Amino acid sequence: MQTPVLETKPKTDWETLAEEVLAGKKLTKEEALNILQAPDTEVLALLQGAYRIRSHYYGNKVKLNMIINAKSGLCPEDCGYCSQSIVSNAPIEKYPQLSKNVLVDGAAKAKESKAGTYCIVMSGRRPTDKEVDNVAEAVREIKEQHNMKICACLGLITPNQAAKLKEAGVDRFNHNINTSASNHTNITSTHTYDDRIDTLNNVKKAGMSPCSGVILGMGESDEEIVEMAYALYEIDADSIPVNFLNAIPGTPLESMKKLGAIKCLKALALFRYINPTKEIRISGGREVNLRHLQPMGLYAANSIFVGDYLTTDGQRTQWDHEMIEDLGFEIEDCAFDSEPPSINADISTV
């Protein structure tokens, strides 16, 4: 009796694919899915390819970002992942916008932690003009004292508010797509995916650098992860924070299972292969999802957050500094040293 021959998928040469990406190749959706669905035994080769791309544009430099939670809780949105949302019962600290002086002091702490980018983040659907004015005043003072990049994350903003922030010296504005357009209604109902795109358009038109990323582990399919990576390519986000859900008790997504460290590494590689020139940042949830494999993530990503997140704890900043040193990498002294090239995409139809 003849033994049946099992058809096996041909093994991908990840370094060759990386060289093709550096030569200008855009991955097909099948090739992108192959990254997420690669055998676990190929993860080292996959990361070697991702590192070939990462090192071409960023060498062994690592950008550090630090967050200040400038307004906590009190949010009318129903985002299922967020401890600050109206549907969350998580026991978090709630307070209105911090004063200008506290925001300025936070920048000094970020500088002490070797962070090149200071991120001012506020909860809520959209800021009031008064809140934007307070951030603008703080940014002007920070810029007088420190040579650092300022990123604001204030929710949905108008063109006038975006222009005011740019004039004050805000370099970058973060507004994550969070999930794919096809999965958006499963995560929140109080705003649309297009609302987020509109804010990113306002950011770009004002001349600020667009920062937009995702939260993985919210029940999305591999196909939807690929959809997110391509969406951020079309948006032309200069900085892409890749968050991994930290399922907070009291939130609608509290029962979601962690992705697993190997899956997280594949996802980071995917975002690097599809967005080769961009700052890929390992963001919230890395400590509980990547766990002991966090250092390996920096072969694909070139940026991390240090310190605590909005309502969850990060790991000790000294440990992050040591992790970077142990890898033979180095902290980038100035966030303006390497700026990702732009593809100048029109995202009005994304």
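List of remarks:
- With a requirement of 3 or more residues that are at pLDDT 95 or above and of a type in the set (Asp, Glu), the helices (runs of 4 or more DSSP H) lying completely within the stretch 271-328 that satisfy it span 317-326.
- Members of the stretch 59-98 found to be buried (at least 20 other Cβ atoms within 10 Å of the Cβ) and polar (S, T, N, Q), listed by number: 65, 69, 72, 83, 84, 85, 88, 97
- Subset of the stretch 154-168 (residues that are small (Gly, Ala, Ser) and open to solvent by 20 Å² or more (accessible area, probe 1.4 Å)): 163
- Residue within the stretch 157-173 that is touching a helix residue (DSSP H, G or I) at 6+ places or on another chain (Cβ under 7 Å), in contact (Cβ under 8 Å) with a residue 12 or more places away in the chain and among the charged types (D, E, K, R) present: yes
- Taken over the stretch 284-310, the criterion of being among the aromatic types (Phe, Trp, Tyr) and surrounded by 22 or more Cβ atoms within 10 Å (Cβ to Cβ) is satisfied by 299, 305.
- Unique residue being crowded, with 23+ Cβ neighbours inside 10 Å and among the aliphatic types (A, V, I, L, M) when the list is 247, 237, 231: 237
- Within the stretch 188-231, the residues that satisfy the criterion of being out of contact with any strand residue (DSSP E or B) (no Cβ under 7 Å at 6 or more places or on another chain) and on the phi > 0 side of the Ramachandran plot are 207, 219.
- Once the stretch 163-187 is narrowed to residues that are in contact with a strand residue (DSSP E or B) (Cβ under 7 Å, 6 or more places away or on another chain) and of a type in the set (A, V, I, L, M, F, W, C), the residue that is nearest to residue 227 (Cα to Cα) is 177.
- Selection within the stretch 106-130 - farther than 23 Å from residue 147 by Cβ, part of a loop (DSSP other than H, G, I, E, B) and open to solvent by 40 Å² or more (accessible area, probe 1.4 Å): 125, 126, 128
- Scanning the stretch 78-105 for residues that are in a helix (DSSP H, G or I) and touching a residue at least 40 places away in the same chain (Cβ under 8 Å) yields 100, 104.
- Residue match in the stretch 228-244 (condition: closer than 20 Å to residue 323 by Cβ and either modelled with pLDDT under 95 or touching a Cys at 6+ places or on another chain (Cβ under 6 Å) (or both)): yes
- Subset of the stretch 134-149 [free of Cβ contacts under 8 Å to residues at least 40 places away in the same chain and not in a helix (DSSP H, G or I)]: 146
- Tally of residues being open to solvent by 60 Å² or more (accessible area, probe 1.4 Å) and part of a helix (DSSP H, G or I) across the stretch 16-40: 6
- Considering residues of the stretch 191-230 that are part of a loop (DSSP other than H, G, I, E, B) and in contact (Cβ under 8 Å) with a residue 40 or more places away in the chain only, the residue farthest from residue 152 (Cα to Cα): 220
The values are calculated or read from the model by the stated rules, or taken from the named source; none is laboratory data. Keep in mind that this is a model prediction, so the values were computed, not measured. All Cβ positions, glycine included, derive from the backbone under ideal geometry; neighbour counts span all protein chains shown. Accessible surface is based on the protein model in full, side chains and every heavy atom, while ligands, DNA and RNA are left aside. Shrake-Rupley method; radii C 1.70, N 1.55, O 1.52, S 1.80 Å.
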